[in-house]
Amino acid sequence: MKLRVDRDVLAEAVTWTARSVPARPPVPVLAGVRLEATETSLVLASFDYEVSAHCEVPAEVEEEGVVLVSGRLLADIAKALPAKPVDLEVEGTKVTVTCGSARFALAAMAADDYPALPAMPATAGTIDAHDLARAVAQVSVAASRDETLPLLTSIRMEVEGQALTLMATDRYRLAVRTLGWSPTNQALSTSALLKARTLSDVAKSLTSSGDVTVALTEPDSPTSALIGFEAGGRRTTSLLTDGDYPPVLRLFPQSTAIHATVGREELIAAVRRVALVADRSTPIHLAFTDGELILNAGQGDDAQASESLVAHLDGEDISTAFNPGYLLDGLGAITRPYVCFDFTHPSKPAVLTGVESVGGEVDPTFRYLLMPIRFGA
């Protein structure tokens, strides 16, 4: 194998592909990135049995071939190279990387032992890359970090025709985002569950492309259930999470009697200030009255803080308390200038939605359900 490739192109491609290299590979070859030189391109691939990555970039190929090298080492080298063309060549059991006056010799791994990458499932539809990245970022904040609960570390994706809904929960909050997409079958009705970390990485890495192709294994397929994403010469597949996701949408109340609207940026700033005296287990108290919201944190001999903001209340006065970190996550995921709190009772979950102006229609595409903390907890 012998080829020349642009340094920035190589560095970006190797870095992206190496993200799927496992930190503790179960077998040595999975620490490698597979490089294949075709007539006009360099194809890079990695695989860890759950997630695969495939990337194709243009290259001046003098001699075709396949080689396997340490993925993380090659990524570190590629990022450190000077801004000049990079020459890759296999010489016996070594892969030489030459860029300007810099030269590296890497040990070639046993490419024949590398497992075959899973094939992309059937195309289900396409979605704007930026819309997907924004939606995943809004929802992923609510996914659990507790690996003993794999279902809750995942994001559920539901498809009903042209509507795609993402949802995640860690039992203390629930984030739901609905957006439009272009399915190959307008009557498509299906769902998929995949790791929040995987979906977040994929969505962020494909934002330079216009549209992302989403592929799903057919429900009655005998092969393992996979989801695939492809855009701009990059392709990722991931195993879906097994199990039945809890019916979380029923947690949203059918009606609410109390509605409070507050400026989102002002509230974020106030919560951050007041929360300075609150540790992870200390709630921040919110008291809504007509025209005012008072925030409090800290009690007794500990440090205390309070602040008041202008609020617009429709319904009875209400006081509640939230985990400040969870509250800030929800406020940060809302994209409108105002946030509307919908309450049924101080001890019941509140629903946060974005609104363009006081008294305006709420944004129905994103909802954030937040469990309150008992006073004195």
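Here is the figure for region 76-94: residues that are in a strand (DSSP E or B) and under 33 Å from the mean Cα position of the chain (by Cα) total 1.
For region 329-336, the condition holds for at least one residue, the condition being that it is surrounded by fewer than 20 Cβ atoms within 10 Å (Cβ to Cβ) and farther than 22 Å from residue 251 by Cα.
In the condition set (1) free of Cβ contacts under 8 Å to residues at least 24 places away in the same chain; (2) closer than 30 Å to residue 173 by Cβ, residue 128 is compliant with all but (1). Among the residues making up region 151-165, those that are in contact with an Asp or Glu (Cβ under 8 Å, 6 or more places away or on another chain) and either under 21 Å from residue 210 (Cα atoms) or in a helix (DSSP H, G or I) (or both) are 164, 165.
Cβ separations smaller than 9 Å between residues 6+ apart or across chains give the following pairs from region 79-102 residues that are more than 11 Å from residue 10 (Cβ to Cβ) and assigned by TED's automatic domain parsing to the domain that holds residue 9 to residues that are among the hydroxyl-bearing types (Ser, Thr, Tyr) and part of a strand (DSSP E or B): 89/96; 89/98; 90/96. The residue that is surrounded by the fewest Cβ atoms within 10 Å (Cβ to Cβ), counting only those in region 234-288 that are among the small types (Gly, Ala, Ser) and within 30 Å of residue 216 (Cβ to Cβ), is 243.
Considering only residues that are exposed (fewer than 13 other Cβ atoms within 10 Å of the Cβ) and not aliphatic (A, V, I, L, M), look in region 66-99 and name the one that is nearest to residue 19 (Cα to Cα).
82
Those strands (runs of 3 or more DSSP E) of region 287-377 in which 1 or more residues are more than 17 Å from residue 271 (Cα to Cα) occupy 305-314, 318-322, 338-343, 350-355, 366-370.
Just to be sure before I move on: is residue 168 outside the structural domain of residue 329 (by TED's automatic domain parsing), more than 24 Å from residue 47 (Cβ to Cβ) and either in a strand (DSSP E or B) or aromatic (Phe, Trp, Tyr) (or both) in the structure I sent? So residue 168 fits the description; yes.
Mind checking whether some residue in region 132-150 is within 30 Å of residue 94 (Cα to Cα), assigned to a loop (DSSP other than H, G, I, E, B) and at pLDDT below 95? Talk me through it step by step, then tell me what you get.
Here is the first cut: in region 132-150, the residues within 30 Å of residue 94 (Cα to Cα) are none.
No: zero hits.
Yes/no per residue for (1) farther than 27 Å from residue 41 by Cβ; (2) touching a residue at least 40 places away in the same chain (Cβ under 8 Å); (3) in the same structural domain as residue 154 (by TED's automatic domain parsing):
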| site | (1), (2), (3) |
| --- | --- |
| 192 | yes, yes, yes |
| 195 | yes, yes, yes |
| 198 | no, yes, yes |
| 201 | no, yes, yes |
| 205 | no, yes, yes |
| 217 | yes, yes, yes |
| 232 | no, no, yes |
| 238 | no, yes, yes |
| 243 | yes, yes, yes |
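When residue 135 is tested against (1) closer than 30 Å to residue 324 by Cα; (2) exposed (fewer than 15 other Cβ atoms within 10 Å of the Cβ); (3) of a type in the set (Gly, Ala, Ser), exactly one condition is not met: (2). In the set (1) surrounded by fewer than 19 Cβ atoms within 10 Å (Cβ to Cβ); (2) under 23 Å from the mean Cα position of the chain (by Cα), residue 39 fails one condition alone, (2). Residue count for region 340-377, restricted to those that are in contact with a His (Cβ under 6 Å, 6 or more places away or on another chain) and acidic (Asp, Glu): 1.
How many residues are within 30 Å of residue 161 (Cβ to Cβ) and assigned to a strand (DSSP E or B) when one looks only at region 95-131?
7
Residues that are within 28 Å of the chain's Cα centre (by Cα) and of a type outside the set (A, V, I, L, M) within region 301-329 comprise 322, 323, 324, 325, 326, 329, listed in sequence order.
The values are calculated or read from the model by the stated rules, or taken from the named source; none is laboratory data. The structure presented is a predicted model; accordingly, all values stated were derived computationally and were not measured. Here Cβ is always computed from backbone atoms with ideal geometry, including for glycine, and neighbour counts include all displayed protein chains.
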